[in-house]
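*Asks:* First, the structure itself, so that you have it in front of you.
The values are calculated or read from the model by the stated rules, or taken from the named source; none is laboratory data. Nothing here was measured: the structure is a model prediction, and the numbers come from that model. Don't worry about glycine lacking a Cβ; one is built from the backbone with ideal geometry, like all the others, and counts go over all protein chains shown.
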Amino acid sequence: MSFLTFQGGRKFHIFTPESYDYDLDEIARALGHVCRWAGHTYRHYSVAEHSIFVAWEALNRYCLANGRINVQHFRKYAGAVRIYLAGLVHDAAEAFTGDIPRPFKAAMFIQIPGEGMVSMVDYEARIFQAICHQLRLPILTPDELAFVKAADDAMLVPEARSLLGFEPAEEWGRATEGTRWVYPFDVGTDAAPPMVGERWLMEVRRAMRDLKTAEATDQDTARAA
């Protein structure tokens with residue numbers, strides 16, 4: 001069988017992820033249920049919740065690098081909103097693959113007819129690109145992507161300490177350099193997965209609206225200059 005069946009009988013053909021009709025509500029529902037760290041956390045810690053923290057961390061790093069931007073007013077700046085939105089959706093493909101721990105993902109390959117062996121990392125990126133294309137999400141430049149990647153890496157340390165109860169390896173600690181946010185892992189521990197997914201969806205939709213507004217303002221400013 002080369003497809004997955006989701007709610008309502010919707011079929012995701014794994015060899016042609018570009019053919020799927022992606023839906024933000026469906027992605028939000030799945031990310032709210034998919035648990036990070038292969039489920040070995042003290043409580044249900046979803047990819048949706050992780051993504052919200054990554055978005056704020058990436059935004060904070062971007063604003064620090066661009067001193068003129070106050071993080072409290074970031075929604076006025078298209079660049080800052082792009083980073084925040086990208087942080088929110090960076091793991092959107094996991095709504096279809098599940099959250100695969102990094103050591104496994106790095107060693108996994110999928111055989112696609114006519115293409116041969118494709119690494120799971122590249123396959124997941126392919127799903128993500130299809131999602132971005134269909135839902136008109138921003139494609140980041142390498143410099144912009146670096147903020148999201150650094151934020152994603154940085155979250156490993158507080159997650160390990162607060163949600164799994166172990167002290168990360170020394171090399172992990174270097175990833176947190178520049179981290180300034182205190183993450184409320186102990187807040188909302190009774191929140192049901194659908195509620196977390198809905199919060200993620202609300203943030204994504206708001207960021208998409210903010211980005212349109214900020215980009216329009218930038219264009220008006222450029223024309224007036």
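*Asks:* Based on this model, can you work out whether D21 counts as modelled with pLDDT of 95 or more, assigned to a loop (DSSP other than H, G, I, E, B), buried (at least 21 other Cβ atoms within 10 Å of the Cβ) and not small (G, A, S)?
*Replies:* Details: modelled with pLDDT of 95 or more: yes; assigned to a loop (DSSP other than H, G, I, E, B): yes; buried (at least 21 other Cβ atoms within 10 Å of the Cβ): no; not small (G, A, S): yes.
Here the answer is no, as D21 does not meet what is asked.
*Asks:* While we're here: Quick check on S19: is it more than 23 Å from L140 (Cβ to Cβ), small (G, A, S) and without any contact (Cβ under 8 Å) to a residue 12 or more places away in the chain?
*Replies:* On the way: more than 23 Å from L140 (Cβ to Cβ): yes; small (G, A, S): yes; without any contact (Cβ under 8 Å) to a residue 12 or more places away in the chain: yes.
The answer is yes for S19.
*Asks:* State which residue is modelled with the highest pLDDT when the search covers only the range 53-70 and only residues that are surrounded by fewer than 17 Cβ atoms within 10 Å (Cβ to Cβ) and under 29 Å from S162 (Cα atoms).
*Replies:* Within the range 53-70, the subset surrounded by fewer than 17 Cβ atoms within 10 Å (Cβ to Cβ) is 64-68, 70.
Imposing the further condition that a residue be under 29 Å from S162 (Cα atoms) reduces the set to 64-65, 70.
Working: L64: 89, A65: 92, N70: 87.
Among residues in the range 53-70 that are surrounded by fewer than 17 Cβ atoms within 10 Å (Cβ to Cβ) and under 29 Å from S162 (Cα atoms), the one modelled with the highest pLDDT is A65.
*Asks:* Pairs only if they're at least six apart or on different chains, beta carbon under 8 angstrom, first in the range 103-117 and under 9 Å from F15 (Cβ atoms), second modelled with pLDDT of 90 or more and outside any strand (DSSP E or B); list them, first residue then second.
*Replies:* Correct list of pairs: I110/I14; I110/M120; I110/Y123; I112/F15; I112/Y123; P113/F15.
*Asks:* Based on this model, can you work out whether A214 counts as more than 14 Å from L85 (Cα to Cα) and at pLDDT 90 or above? Outline the logic, then answer.
*Replies:* Working: more than 14 Å from L85 (Cα to Cα): no; at pLDDT 90 or above: yes.
No, not satisfied.
*Asks:* Kindly indicate whether any position in the range 62-72 is touching a helix residue (DSSP H, G or I) at 6+ places or on another chain (Cβ under 6 Å), closer than 28 Å to F12 by Cβ and not in a helix (DSSP H, G or I). Before the answer, list the steps.
*Replies:* Step one: filter the range 62-72 for residues touching a helix residue (DSSP H, G or I) at 6+ places or on another chain (Cβ under 6 Å), giving 62-63, 69, 71.
Restricting the remaining residues to those that are closer than 28 Å to F12 by Cβ gives none.
Checked against the condition, which is being touching a helix residue (DSSP H, G or I) at 6+ places or on another chain (Cβ under 6 Å), closer than 28 Å to F12 by Cβ and not in a helix (DSSP H, G or I), the range 62-72 yields no hits at all.
*Asks:* Something else about it: Is it true that Y42 is touching a strand residue (DSSP E or B) at 6+ places or on another chain (Cβ under 6 Å) and either modelled with pLDDT of 95 or more or over 21 Å from R136 (Cβ atoms) (or both)? Give the steps one after another, and end with the answer.
*Replies:* On the way: touching a strand residue (DSSP E or B) at 6+ places or on another chain (Cβ under 6 Å): no; either modelled with pLDDT of 95 or more or over 21 Å from R136 (Cβ atoms) (or both): yes.
Answer is no for this residue.
*Asks:* Another question, then. For the range 80-170, please list each of the helices (runs of 4 or more DSSP H) lying entirely inside it that holds at least 1 residues being surrounded by 13 or more Cβ atoms within 10 Å (Cβ to Cβ) and in contact with a His (Cβ under 7 Å, 6 or more places away or on another chain).
*Replies:* Numbers: elements: 94-97, 102-107, 120-135, 142-154, 156-159.
It comes to 142-154.
*Asks:* Let me ask something else. Filter the range 103-146 down to the residues that are aromatic (F, W, Y) and modelled with pLDDT of 95 or more and list them by number.
*Replies:* First, the residues of the range 103-146 that are aromatic (F, W, Y): 104, 109, 123, 128.
Once the filter is applied, which keeps residues that are aromatic (F, W, Y) and modelled with pLDDT of 95 or more, the range 103-146 yields F109, Y123, F128.
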